[in-house]
Amino acid sequence: MRLPPSILNKYLARFDELIQEGERIYKVLKDMSIAFLWGTEEVIRALTQQELEYRHKLPGWYLNYLSLLDRIIPPRSVHRKLLDGTERYFEDFEKLNTHVYQLSLSIKKMKDDFKGNLKNLGLGELGAAIAADYMGQAEQLNTHIYRLKGLKDDFKKGFLGDLGLEIEAEIVADYMGQAEHLLAEGQSGKYDHVPAAVLAGAVLEKSLRTLCDKQSPSIPTVNDKGKPLTLTPLIEALKKNKVFNEVTAKQLRGWADIRNSAAHGNFDEFNRSQVDLMIQGINNFLATHMI
């Protein structure tokens with residue numbers, strides 16, 4: 001299932017936003033490291049307002065990075081390990097901040113103790129240590145920027161998995177939750193279980209159409225006259241293409257019968273317990289085949 005252009009472009013735009021913001025933060029961090037590494041005692045100074053702002057933006061950038069990757073990378077993809085590695089960044093970031101702060105206090109104390117006489121006080125070594133910390137943060141950020149660029153290319157070409165199918169699976173899960181709610185709110189002995197059967201059956205039919213589209217080559221979901229296939233023909237087409245076996249097909253046919261009876265007003269042909277089992281079975285089927 002291909003993503004609609006509007007959704008695809010939304011994700012691609014988010015990639016571009018994060019890449020551009022990351023590159024701006026990287027440049028500031030790199031400039032800061034160069035200043036502390038090569039400068040004299042006069043440039044061992046408090047950070048400018050811009051430098052402070054961009055350093056504070058760094059944790060937020062990583063959170064946005066994690067959020068995007070978590071959304072686009074399928075659960076079983078090899079790329080999921082990128083998320084694990086990035087989550088450890090936050091602990092390292094706090095350690096680096098503490099180190100830089102301690103070094104800055106040391107520089108301030110040495111300046112205060114010796115007033116204007118700053119020669120031979122080891123400021124060069126302290127500045128180099130701060131520079132190394134900033135450079136480490138900058139290069140780590142740059143690595144993630146290049147990962148984003150590579151992931152954007154894979155995402156655009158459809159190599160990361162079927163995000164469209166995952167989005168549909170979330171929508172389907174929501175509708176199945178509504179079917180469960182309808183059944184739970186009904187009263188035993190009445191026909192209050194009928195709406196749940198109709199809704200669950202509609203979800204099943206839509207999901208079978210999606211599975212047909214997902215196959216390579218895709219399985220037609222209309223007949224020779226251009227009319228949409230109903231549940232039973234969809235089941236047979238998918239079984240023929242070995243998407244599932246006869247045991248599963250038999251279960252699906254039973255749920256299709258309940259849905260058809262509900263849709264045509266034959267309410268005495270099924271009961272509440274059967275609808276309950278139908279909803280549970282469809283949920284299990286979707287969990288196996290929709291992602």
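The values are calculated or read from the model by the stated rules, or taken from the named source; none is laboratory data. No experiment lies behind these values; they were computed from the predicted model shown. With ideal geometry, Cβ positions are generated from the backbone for all residues, glycine too; neighbour counts draw on all protein chains shown.
Taking the criterion of being touching a Ser or Thr at 6+ places or on another chain (Cβ under 8 Å) and surrounded by fewer than 17 Cβ atoms within 10 Å (Cβ to Cβ), the residues of segment 234-290 that qualify are 253, 267, 269. Counting the residues of segment 219-271 that are of a type in the set (A, V, I, L, M) and touching a residue at least 24 places away in the same chain (Cβ under 8 Å) gives 11. Take the residues of segment 245-291 that are among the acidic types (Asp, Glu) and more than 10 Å from residue 197 (Cα to Cα): which is nearest to the chain's Cα centre (by Cα)? So the residue we want is 246. Only one entry of 47, 68 meets the criterion of being hydrophobic (A, V, I, L, M, F, W, C), on the phi < 0 side of the Ramachandran plot, in contact with a Phe, Trp or Tyr (Cβ under 8 Å, 6 or more places away or on another chain) and at pLDDT 65 or above, and that entry is 68. Which residues, counting only those in segment 207-233, are surrounded by 15 or more Cβ atoms within 10 Å (Cβ to Cβ), under 16 Å from residue 290 (Cα atoms) and touching a Cys at 6+ places or on another chain (Cβ under 7 Å)? 219, the sole residue that qualifies.
When segment 238-290 is filtered for residues that are assigned to a helix (DSSP H, G or I) and among the aromatic types (Phe, Trp, Tyr), the ones remaining, listed by number, are 255, 267, 285.
To keep it simple, each residue is scored yes or no on (1) outside the structural domain of residue 271 (by TED's automatic domain parsing); (2) under 32 Å from the mean Cα position of the chain (by Cα); (3) modelled with pLDDT under 90.
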| residue | (1), (2), (3) |
| --- | --- |
| 200 | no, yes, no |
| 220 | no, yes, no |
| 225 | no, no, yes |
| 228 | no, no, no |
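The C-beta contact set for segment 181-197 (first residue under 24 Å from residue 256 (Cβ atoms), second residue modelled with pLDDT of 85 or more and part of a loop (DSSP other than H, G, I, E, B), distance under 7 angstrom, 6+ apart or interchain) comprises 183/193; 186/193; 197/270.
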